[in-house]
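These notes are about the structure you will find just below.
Just so you know, all these numbers are worked out from the coordinates, no wet-lab data involved. Note that the coordinates shown come from a computational prediction; the quantities given were computed from them, not determined experimentally. Here the Cβ positions follow ideal geometry from the backbone for every residue, glycine too, while neighbour counts run over all protein chains shown.
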Amino acid sequence: MSTPYSGGCACGAVRYEIAAEPVGTNDCQCRHCQQRSGTGHSSYMAFAGRSAVDLRGEAKCWDIAGDSGAIKHHWFCPTCGAPVYLTLAAAPDLFIIHPASLDEPERYAPQIVTYAIRGLPWDRRDPALPAFDRMPPR
């Protein structure tokens, strides 16, 4: 295990520390991620095992259904509004962070691009990354 991943919202009211390695990383270009991020994509780091997560502060949540119909819980700071993490109704053990919320965001390295079919021409992706038009098969 490397150094824990730590981070939080812009104002510091919501903080996390994760004593695990990510099980997956991706840049998602779906329309929902574009609208929520205010840019061409959102980036994510997924960690398995909620027991490895130390979460402090009170985040607020809003829910949305993904293309599959599965509910995604988006957690954000009620003070500064910064998105911090996601949880999934269908996979409650996953804890998914926004890499820009990391204290060391340079630790993020995307492995894949999802919903590339919805990518905007001005949001250039790394051509070396595998890209999927939707979610990749499991």
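Taking the Cβ-Cβ separation of Glu104 and Ser37 as r and a Förster radius of 25 Å, what is the calculated FRET efficiency to the nearest 0.05? Provide the component values of the computation, followed by the final result.
Values: r = 20 Å, r/R0 = 0.80.
Given R0 = 25 Å and the Cβ-Cβ separation, E is 0.80.
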*Could you list the residues of segment 48-74 with an amide nitrogen less than 17 Å from a label point located 7 Å from the Cα of Ala90 in the Cα-to-C-beta direction?*
63-74
*Starting from the amide H of Ala10, placed 1.01 Å from N in the peptide plane, find each other amide H under 5 Å away whose residue is 5 or more places distant or on another chain.*
Ala82
*Using only the alpha-carbon atoms of the chain, report the extent along each of the three principal axes, biggest first, to the nearest angstrom.*
37, 32, 28
*asked:* Mean-square fluctuation check for the chain, GNM, Cα pairs under 10 Å: which of Gly119, Gly40, Gly69 is largest?
replied: Gly69
*Would you grab the residues whose amide H sits under 5 Å from the one on Gly24? Only those 5+ places off in sequence or on another chain, please, with H modelled 1.01 Å from N.*
Ala46
*May I ask you to order 56-66, 26-36 by the average number of other C-beta atoms within 10 Å around their residues, highest value first?*
26-36, 56-66
